[in-house]
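Structure, as structure tokens:
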Amino acid sequence: MIQDSPAKITIRDLRVFHGQEESLRGVTLDIPANQVLGIIGPSGAGKTTFLRALNRLNDLVPDMHAEGQILLDGKDIYHPAFDVVALRKRVGMLFALPVALPMSIYENVVYGPRLSGVRNKARLDEVVERSLKAAFLWDEVKDRLQMSGLRLSGGQQQRLCLARVLAMEELEVILLDEPCSGLDPISTAKIEEALTILKEKYTIILVTNNTKQAARVADETAFFLMGDMVEYGPTEKIFTVPDDKRTNDYVTGRFG
Amino acid sequence: MRIPPKVTQVLAVALLGGATLLTVVVLVFVIVFVLGKGLPEVTWEFLSTNPKDMGRAGGILPTLVGTILLPLLAIAIALPLGVGTAVYLTEYTRETRVTRALRFGTDCLAGIPSIIFGLFGFIFFVVGLKMGWCLLSGGLTLAIMVLPTIIRTSEEAIRAVPKSWREVSFSLGATRWETVLKVVLPNALPGIVTGVMLGIGRSIGETAAVIFTAGSALRMPVSAFDSVRTMSVHFYILAREGISTEKAYATAAVLIISVLLVNLIAYGMMHRFIARRAR
């Protein structure tokens, strides 16, 4: 598919090194706005490394560094002058395991807005309601917002984490790192439903171990294998007539 | 030849239980012995009046005040320094030879006999800086003495905060400092309080370092540059110089009860704090 509008994220020959090891070996990819990009591949393929390069969370790992270029709206996010804190407010992330912070549901959701300096109680209340509704959690928790987030079930915690990301007013891109790997089918369905609605407003990148999930949710899909991006294209094509034999083997379940 | 598992099981329970029992018995004996000898002498008057005749008669009010002020001053100095160091070592530096050397140094410092700190305090603060025997010299010396304990316990507590919480905080656009303030320190607090309690306990019980630096004046301290005597020192002097065995035991009884109170209050505060967060 050829994009008419410029890509939201442009990636040029991205290489990520973990010590001596090259975990990502030159990825070039244009990620269009307002779509769900699915990233599939066996474990160790570099999917998570790729995702964490996009919000520079890899920076926190001592001997990790990236080469190449990642442009967000045309601006190089690895440029020394680029504000990494501002980047992470624009590029939110949902982790594989739900991590509610040890504070109330309410405080979990307003964590980002408070950091951005929002003090107005009415505005925070409004953010909490909007975000929890968008994450399909509002009805379950609206009467106990002061309860600790740690007391929610795993599926609820993951939706709380989604709400926490959505609460950031600067948010433009959502990164999801196997967000449903530990969840039951109903919670998974709720997250997937949320994603299909959210893509109207945000650019979504979904790493998943579950190829069926990519087939259900993603508009475009990229297949990663051992640090290389093997193939990238419309989801339908990747799952029916992929160009590369390895992609075909993977999506038909012959390995991985 | 093998002893049947049933027998080893019974033996293990007996030995472990015995060890526990012995520990508790010794502890209870010490407390009951001191309280039994000391408590009859402890009256309101004993707590609220000044000593007379070097402590042969009268009360222990100035030493009670000294016992409260000196550890408080020590902790007030050591807590920000210690927690600050711990945060720096865990959050702001990577594990290198330098941090390992610092940690090793801290551990060594924690094991140095208190009288060495007393000697240092005497030479540096009392004589060198011409501060004399006073509350401030003593507080500074005790602060240096408890600093390693506070650093190490804080460090352990900070390390125990899950890495994933920090990652989430960073991923939501927090700076390292904001992450420290909002996620790391609140959750490390119980461990930090434990370190502070250990520090207060050590300060309250300290004699050698205190005599060298805060002196042993029996007057009521009115400024940071007055010499003070703590209950531990008072007890030591009463007993060592044979001034009054009864008053010594009474002082010891008050000392034990104070330490118990401090611990109870700290645990109560911590409990409320945790309960408030985990609602």
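Dividing the alpha-carbon radius of gyration of the stretch B:93-150 by the rule-of-thumb value 2.2 N^0.38 Å gives 1.34. Rounded to the nearest 10 degrees, the angle from helix A:185-198 to the longest Cα principal axis of chain A is 80 degrees.
The three principal axes of the C-alpha atoms in the stretch A:9-251 carry coordinate ranges of 52, 42, 30 Å, sorted with the longest axis first.
Nearest 10 degrees is fine. How inclined is helix A:121-134 to the longest principal axis of chain A, computing both from alpha carbons? Tilt relative to chain A: about 50 degrees.
Would the protein assembly as shown count as rounded, prolate or oblate if I go by the C-alpha gyration tensor, calling it rounded below 1.5 in a/c and otherwise prolate when a/b exceeds b/c, oblate otherwise? Please report the intermediate quantities before stating the final value.
Working: a/c = 2.64, a/b = 2.40, b/c = 1.10.
The shape class here is prolate.
If only the Cβ of Lys and Arg carry +1 and only the Cβ of Asp and Glu carry -1, the dipole of the protein assembly as shown around its Cα centre is close to 1500 debye. Equivalent-ellipsoid semi-axes for the stretch A:66-205 (Cα gyration tensor, √(5λ), whole Å, largest first): 25, 19, 13.
A dipole drawn for the stretch A:9-251 from +1 and -1 charges on Cβ atoms has a positive end, and of A:234, A:163, A:127 the residue lying farthest that way is A:127.
Per residue of A:51-60, other chain Cβ atoms within 10 Å of the residue Cβ number 2 on average.
In summary, the helical segments of chain B meeting the span-like criteria, namely a full DSSP H run, a Cα extent along the axis of 27 angstrom or more and a mean Kyte-Doolittle hydropathy of at least 1.6, are B:5-38, B:61-87. Close amide H pairs (under 5 Å, H built 1.01 Å from N) link residue A:103 with A:149, A:150, residues at least 5 positions away or on another chain.
I'd like the antiparallel share, as a percent to the nearest 5, of DSSP beta bridges with both residues in chain A. Can you show the working numbers first?
Numbers: 25 of 42 bridges.
Counting only bridges with both partners in chain A, antiparallel ones make up about 60 percent.
Taking amide hydrogens as placed 1.01 Å from N in the peptide plane, the amide H of residue A:30 sits under 5 Å from those of A:11, each at least 5 positions away in sequence or on another chain.
How shielded is B:172-180 by partner chains, expressed as the average number of their Cβ atoms within 10 Å of its Cβ atoms? Each step should come with its number before you reach the end.
Working: counts 18, 19, 7, 3, 2, 0, 4, 1, 0.
Other-chain Cβ atoms within 10 Å of each residue's Cβ, averaged: 6.
The alpha-carbon atoms of the stretch A:120-175, seen along their principal axes, cover 29, 28, 16 angstrom, with the largest extent given first.
For the stretch B:224-265, the Kirkwood radius over C-alpha pairs fed into Stokes-Einstein at 10 °C and 1.306 mPa s yields D = 143 µm² per second. Neighbours of residue A:17 by Cβ distance under 9 Å: Lys/Arg scored +1, Asp/Glu scored -1, total -3. In units of the compact-protein estimate 2.2 N^0.38 Å, the stretch B:37-128 shows a Cα radius of gyration of 1.65. By its C-alpha gyration tensor, with a ≥ b ≥ c as the square roots of the eigenvalues, how is the stretch B:8-163 shaped: rounded for a/c under 1.5, else prolate for a/b larger than b/c, else oblate? Oblate. Seen from residue A:39, the other residues with C-beta closer than 13 Å to its C-beta sum to a net charge of -4, counting Lys and Arg as +1 and Asp and Glu as -1. Can you pull the Rg over Rh of the stretch B:10-89, Cα-only, Kirkwood? Taking Rh as the inverse mean 1/r over Cα pairs, Rg/Rh reads 1.24. A cut-off of 5 Å between modelled amide H atoms, ignoring neighbours fewer than 5 places along the same chain, links residue A:23 with A:16, A:17, A:18. This ranking places B:210, B:259, B:222, A:61 by how few other beta-carbon atoms lie within 10 Å of each, fewest first, which gives B:222, A:61, B:259, B:210.
Every Cα-Cα pair in the stretch A:26-85 was counted, and those over 14 Å apart are 62% of them.
Over all distinct Cα-Cα pairs of the stretch B:44-277, the Kirkwood formula returns a hydrodynamic radius of 19.1 Å. Out of all DSSP beta bridges in the protein assembly as shown, what portion is antiparallel? Express it as a percent rounded to 5. Just about 60 percent of them are antiparallel.
Using a 10 Å cut-off around each Cβ, can you sort B:67, B:49 from fewest to most neighbouring Cβ atoms? Mind dumping the intermediate values first?
Working: B:67 27, B:49 15.
Exposure proxy ranking, most exposed first: B:49, B:67.
Note on B:271, A:65, B:234: ascending count of other Cβ atoms within 10 Å places them as B:271, A:65, B:234, the fewest first.
Bear in mind these aren't lab numbers, they're just calculated from the coordinates by the rules spelled out. Because the structure is predicted, anything quoted here is derived from the model rather than measured. FYI the Cβ positions are ideal-geometry reconstructions off the backbone, even for glycines, and counts take in every protein chain you see.
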